[in-house]
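The values are calculated or read from the model by the stated rules, or taken from the named source; none is laboratory data. Everything numeric in this text was worked out from a predicted model, so none of it was measured. With ideal geometry, Cβ positions are generated from the backbone for all residues, glycine too; neighbour counts draw on all protein chains shown.
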Amino acid sequence: MKQFLPILVAIALGPSGVSAHPHIFVDTALKVLVTDDGQLEAVEVTWAYDEFYSLLIFEDLGLDADFDGELTSEELAKLQGFDLQWSEGFDGDIYLTQGGKALALNGAEHLMTNVSGGQITTRHRRTLLEPSLANGVVFKAYDPTYYTAYTLNQGLEVTGGCTGETTPPDLIAAYDKVEELLYATPVDQTENAYPEVGEAFADTVRLSCGE
């Protein structure tokens, strides 16, 4: 489950471990910032939340009193940064690796929040904790428990003369993994179990920089 999930939403949605399917759907875009000499600097992440989750956020924060799906400037200011209030240990559901080794990211910097047609869209930037060559870096956006489903369908942009190749998940293998983990979970633990299958459902982006 996303760690910034408001209390109202957590109560409304309830436990999902038994079914192990997502309850929050987020259309995602990535902008990967690479220097001209091939160093990976940062990634900008755009999240467009589904309308139902957006509605629950409005209710939790007391926004959109006229129910028109749009916010006043004052309401929008109150909404900014709502999804960046992360609890300790939450890493933002974006994972980078280089040669199989995890690359650490700094905290998130808010860039944009807007609302259109009742749907919330936000964007934030995360820089690398330590410099890394961009070539061969792999990106995946996912919630390990698959409570939130991220789909990379809003665009991928890579600067610095590099390109990114996106590989969709093998859904048959992903669902096989879900069944395997659920069957392996004792019945008396299923109510609180969140099988970590999210990575199996994630799009994979691999950077290539020159020859």
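In the stretch 70-112, which residue that is charged (D, E, K, R) and surrounded by 11 or more Cβ atoms within 10 Å (Cβ to Cβ) is modelled with the lowest pLDDT?
The qualifying residue modelled with the lowest pLDDT is Glu70.
Looking at the structure I just gave you, is His124 over 14 Å from Leu207 (Cα atoms), in contact with a strand residue (DSSP E or B) (Cβ under 9 Å, 6 or more places away or on another chain) and buried (at least 20 other Cβ atoms within 10 Å of the Cβ)?
So His124 fits the description; yes.
Within the bounds of the stretch 43-61, is there any residue that is at pLDDT below 95 and assigned to a loop (DSSP other than H, G, I, E, B)?
no
Being buried (at least 18 other Cβ atoms within 10 Å of the Cβ) and more than 16 Å from the chain's Cα centre (by Cα) narrows it down to one of Phe139, Phe52, Phe67, Phe58, so name that one.
Result of the check over Phe139, Phe52, Phe67, Phe58: Phe58.
Looking at (1) surrounded by fewer than 16 Cβ atoms within 10 Å (Cβ to Cβ); (2) in a loop (DSSP other than H, G, I, E, B); (3) at pLDDT 95 or above, which is the only condition Thr166 fails?
Single failed check for Thr166: (2).
Those residues that are crowded, with 18+ Cβ neighbours inside 10 Å and among the hydrophobic types (A, V, I, L, M, F, W, C), I need them from the stretch 22-49; list them, please.
Ile24, Val26, Ala29, Leu30, Val32, Leu33, Val34, Leu40, Val43, Val45, Trp47, Ala48
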